[in-house]
1. If S182 satisfies every condition in (1) of a type outside the set (K, R); (2) touching a residue at least 12 places away in the same chain (Cβ under 8 Å); (3) closer than 30 Å to P154 by Cβ; (4) more than 8 Å from the ligand (Cβ to nearest atom) but one, which is the exception?
2. Of the residues L189, L98, L108, which is away from the ligand (no atom under 16 Å from the Cβ) and either at pLDDT below 90 or not in a strand (DSSP E or B) (or both)?
3. I need the full set of residues from segment 133-154 which are away from the ligand (no atom under 16 Å from the Cβ) and surrounded by 16 or more Cβ atoms within 10 Å (Cβ to Cβ), in order please.
4. Among the residues of segment 159-180, is any of a type in the set (A, V, I, L, M), assigned to a loop (DSSP other than H, G, I, E, B) and at pLDDT 95 or above?
5. Which of (1) within 15 Å of the ligand (Cβ to nearest atom); (2) in contact (Cβ under 8 Å) with a residue 60 or more places away in the chain is the odd one out, the single condition I163 does not satisfy?
6. Among the residues that make up segment 244-254, is at least one of them within 21 Å of Q16 (Cβ to Cβ), of a type in the set (G, A, S) and under 15 Å from the mean Cα position of the chain (by Cα)?
Amino acid sequence: TQAALVASEKLASLGQLAAGMAHEINNPIAFVTNNLAVLRRDLGEIVTLVEKYEEARAYLSGAPQELMEELTQIESDCDFAWLRQHLPQLLQSSTEGLTRVRDIIKNLRDFARLDQAAQDDVALIHAVTTTLEVLKHDIEKQHIGIKTEMQTVPPVPGRGDKINQVIYNVLLNAIQASPEGSSILIRMLPVDNAVRIEVEDSGCGMDQETLGRVFEPFFTTKPVGTGTGLGMSVSYGIVRDHGGIMSVESQLNCGTKVTIDLPLARSATSEHEQLE
Ligand code: ADP
């Protein structure tokens, strides 16, 4: 439909923006990180020098008055105590701040595109069962019934860790949307040159506005501190980077169905289309 097309164009340009920003920010960050490392090393030497000076200073107590006054002046100008106490701490917290920025950039790049790492053959049924195991506690706490209709499917080429992340995000959303005692249905079936995974819940569903924004980074309807609004957008990016398609159907107060198609082989053009 028209709305879906507009949404995917918007996501594609957000992805490009994110990739561009990540790239642009990474260079100065690397530069500042290197400078900080050099400063940290030099600072170690300066601190040692200050300590040595203070030791030597003790022997100067008998020196002429004039020299002593001059030394006292230099010391207060340089603020040796501050230098020794606060500078290492400032450098440390700057380095930590930089690490946080690098983490944010990494997340942006995950949304923007998959790092070109080695691809494996991913066994999707295994991915689903291990993810269910990880979410066992949440499933039991809410007395959710998990029904599966999984046909035997061939492995798909891709990044196992990333595909697990998608299945985890989608299942967690389904669990969070589900009322106590309801069921979630997981289907797996072969379709044209792809494997389809469907996760269907009979939970709270979404209104039109939410459905239209579901793949938008940082969009969430969950209370502050619960949702980050990154689960669906990051999953969308991962599926797209595998040459696949992720879509959502939802009816308010009835439930939601998420469909993911992961291709069995990458066509020569799909690599190119990712850039669109
Ligand atoms: P988060 O879960 O952190 O809010 P997501 O990107 O995973 O972020 O989801 C964005 C929003 O999409 C959710 O806040 C919720 O409103 C909606 N949503 C996602 N999955 C479902 C679902 N299965 N049922 C109802 N709403 C959903």
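The values are calculated or read from the model by the stated rules, or taken from the named source; none is laboratory data. Model, not experiment: these values are computed from the prediction. In this analysis, Cβ positions are derived from the backbone assuming ideal geometry, glycine residues included, and neighbour counts consider all displayed protein chains.
1. Single failed check for S182: (3).
2. Working: L189 fails: either at pLDDT below 90 or not in a strand (DSSP E or B) (or both); L108 fails: away from the ligand (no atom under 16 Å from the Cβ).
Of L189, L98, L108, the one residue that is away from the ligand (no atom under 16 Å from the Cβ) and either at pLDDT below 90 or not in a strand (DSSP E or B) (or both) is L98.
3. V153, the sole residue that qualifies.
4. Taking segment 159-180 and keeping what is of a type in the set (A, V, I, L, M), we get 163, 166-167, 170-172, 174-175, 177.
Cutting the leftovers down to assigned to a loop (DSSP other than H, G, I, E, B) gives us none.
Checking segment 159-180: not a single residue is of a type in the set (A, V, I, L, M), assigned to a loop (DSSP other than H, G, I, E, B) and at pLDDT 95 or above.
5. (1)
6. no
Yes or no, residue by residue, for (1) surrounded by fewer than 16 Cβ atoms within 10 Å (Cβ to Cβ); (2) more than 7 Å from the ligand (Cβ to nearest atom):
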{"site": "Q208", "(1), (2)": "yes, yes"}
{"site": "F218", "(1), (2)": "yes, yes"}
{"site": "T228", "(1), (2)": "yes, no"}
{"site": "G244", "(1), (2)": "no, yes"}
{"site": "C254", "(1), (2)": "yes, yes"}
{"site": "K257", "(1), (2)": "no, yes"}
